[in-house]
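Here the structure comes first, spelled out in structure tokens, and everything after it is commentary.
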Amino acid sequence: MKLPEIPITDDHIHIDPTNGRGVEAAKDFRRSGGTHIFLVSKPSWSLGVEPSSGDDYRAVFDATLRVADMVRETGLVVYPVLGVHPAEMSRLAERMSLDAAAGVMMAGLDVAARYVEEGEAVALKSGRPHYEVAPEVLAASNAVLFHALELGSVCNCAVQLHAESGPCIDVVDMAAKAGIPLEQVVKHFATPDTPLVPSFIARHEDIPALARAGRRFTMESDYMDENARPGAVIGPKSVPRFTRRYLQEGLITEEDAWRIHAETPSRTYGVDIVLP
């Protein structure tokens with residue numbers, strides 16, 4: 001079945017020409033029917049960067065923007081999402097205090113926010129470790145997450161959160177205190193019980209039922225583009241292919257697909273997702 005004439009958006013994908021397939025992965029997405037991607041910056045260590053200051057993250061962000069330009073040449077619409085991976089807390093704390101690590105991460109987010117203000121990125125990325133950590137590490141990580149939400153409020157941009165599996169209900173109060181609307185707080189790799197904007201892995205079994213119920217959410221592959229882990233988390237063709245399957249089997253309607261791939265991400269990120 002050919003996809004209807006609608007945008008197909010991957011809300012969280014990495015493209016890495018150094019450690020992965022690079023533009024070839026993006027071409028796979030496009031050939032499968034994909035039209036728009038939110039290109040998320042990778043952790044600093046993926047690019048061999050060991051930050052000691054916020055400005056050190058510029059190398060990561062600039063590399064992401066260069067990849068975005070390369071991918072645009074394939075005909076895809078690319079929206080960069082820049083930030084600091086929450087797992088950086090654990091790595092930084094191996095060579096500095098927790099307070100210093102949090103300070104470096106916050107400063108990195110400050111730099112990312114300037115890229116958003118300059119129109120080079122559309123959203124920020126932050127969160128907290130998705131694995132068990134000591135209470136003091138979690139507290140420091142939550143401080144960084146709150147700073148990201150404050151920056152999102154100031155920049156009027158969305159914030160993608162990488163965090164533990166589950167609802168992350170406490171982020172509702174954090175967002176309110178930071179002054180950012182919940183409709184701009186995205187839970188990457190979401191579960192249906194989150195009050196945040198869910199971005200579901202394309203194969204999530206609840207997508208059809210949630211779509212029929214009119215739930216607002218997006219779809220993602222979280223494709224890592226690493227030769228050492230080919231196809232992880234799921235491949236770049238996944239969002240278009242699962243969308244086609246859901247439509248073909250009557251599990252979602254064309255209206256549902258529009259809401260998932262155009263209406264919701266447009267509203268969340270303040271962009272205008274239309275067919276290129």
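The values are calculated or read from the model by the stated rules, or taken from the named source; none is laboratory data. Everything numeric here is computed off the predicted structure, so don't read it as measured data. Here the Cβ positions follow ideal geometry from the backbone for every residue, glycine too, while neighbour counts run over all protein chains shown.
Can you pull out every residue in segment 231-273 that is aromatic (F, W, Y) and either assigned to a loop (DSSP other than H, G, I, E, B) or within 21 Å of the chain's Cα centre (by Cα) (or both)? Quick ask: steps written out before the conclusion?
Pass one, segment 231-273, residues aromatic (F, W, Y): 242, 246, 258, 269.
Within segment 231-273, F242, W258, Y269 meet the criteria.
Among the residues in segment 136-143, are any at positive phi, touching a residue at least 40 places away in the same chain (Cβ under 8 Å) and buried (at least 21 other Cβ atoms within 10 Å of the Cβ)?
Let us first name the residues in segment 136-143 that are at positive phi, namely none.
No; the residues of segment 136-143 include none that is at positive phi, touching a residue at least 40 places away in the same chain (Cβ under 8 Å) and buried (at least 21 other Cβ atoms within 10 Å of the Cβ).
Residues in segment 43-70 that are among the hydroxyl-bearing types (S, T, Y) and assigned to a helix (DSSP H, G or I): how many? Full working, then the answer.
Initially, segment 43-70 is screened for residues among the hydroxyl-bearing types (S, T, Y), giving 44, 46, 52-53, 57, 64.
Still in the list and also assigned to a helix (DSSP H, G or I): 44, 46, 57, 64.
Adding up the residues that qualify gives 4.
Please go through segment 147-180 and give me each residue that is out of contact with any helix residue (DSSP H, G or I) (no Cβ under 9 Å at 6 or more places or on another chain) and charged (D, E, K, R), ordered by number.
Listed by number, the residues that qualify are E164, D173.
Just one of P230, P195 is surrounded by fewer than 18 Cβ atoms within 10 Å (Cβ to Cβ), under 21 Å from T268 (Cα atoms) and free of Cβ contacts under 8 Å to residues at least 60 places away in the same chain; which is it? Give the steps one after another, and end with the answer.
Numbers: P230 fails: under 21 Å from T268 (Cα atoms).
Among P230, P195, only P195 is surrounded by fewer than 18 Cβ atoms within 10 Å (Cβ to Cβ), under 21 Å from T268 (Cα atoms) and free of Cβ contacts under 8 Å to residues at least 60 places away in the same chain.
Across segment 108-122, what is the number of residues that are surrounded by fewer than 19 Cβ atoms within 10 Å (Cβ to Cβ) and either aliphatic (A, V, I, L, M) or part of a helix (DSSP H, G or I) (or both)? Before you say what the answer is, go through the steps one by one.
First pass over segment 108-122, keeping only residues surrounded by fewer than 19 Cβ atoms within 10 Å (Cβ to Cβ): 110, 114, 117-120.
Subset that is either aliphatic (A, V, I, L, M) or part of a helix (DSSP H, G or I) (or both): 110, 114, 117.
Selection size over segment 108-122: 3.
Which condition breaks for L76 when tested against (1) under 19 Å from L161 (Cα atoms); (2) touching a His at 6+ places or on another chain (Cβ under 9 Å)?
L76 satisfies every listed condition except (1).
From D99, D55, which residue is touching a Gly at 6+ places or on another chain (Cβ under 9 Å) and surrounded by fewer than 19 Cβ atoms within 10 Å (Cβ to Cβ)? It would help to see each step written out before you state the result.
On the way: D99 fails: touching a Gly at 6+ places or on another chain (Cβ under 9 Å).
After ruling out the rest, the residue left standing is D55.
For segment 23-64: of the residues being over 21 Å from V116 (Cα atoms), among the hydroxyl-bearing types (S, T, Y) and under 19 Å from the mean Cα position of the chain (by Cα), which is modelled with the highest pLDDT?
Of everything passing the filter in segment 23-64, T35 is modelled with the highest pLDDT.
I'm trying to understand the selection: among the residues of segment 144-171, which are without any contact (Cβ under 8 Å) to a residue 60 or more places away in the chain, farther than 22 Å from Y131 by Cβ and surrounded by 15 or more Cβ atoms within 10 Å (Cβ to Cβ)?
Residues satisfying the conditions are E150, L151, G152, S153, C155.
I'd like to check something: does segment 221-240 contain any residue that is modelled with pLDDT of 95 or more, of a type in the set (K, R) and out of contact with any Gly (no Cβ under 9 Å at 6 or more places or on another chain)?
Scanning segment 221-240, I find no residue that is modelled with pLDDT of 95 or more, of a type in the set (K, R) and out of contact with any Gly (no Cβ under 9 Å at 6 or more places or on another chain), so the answer is no.
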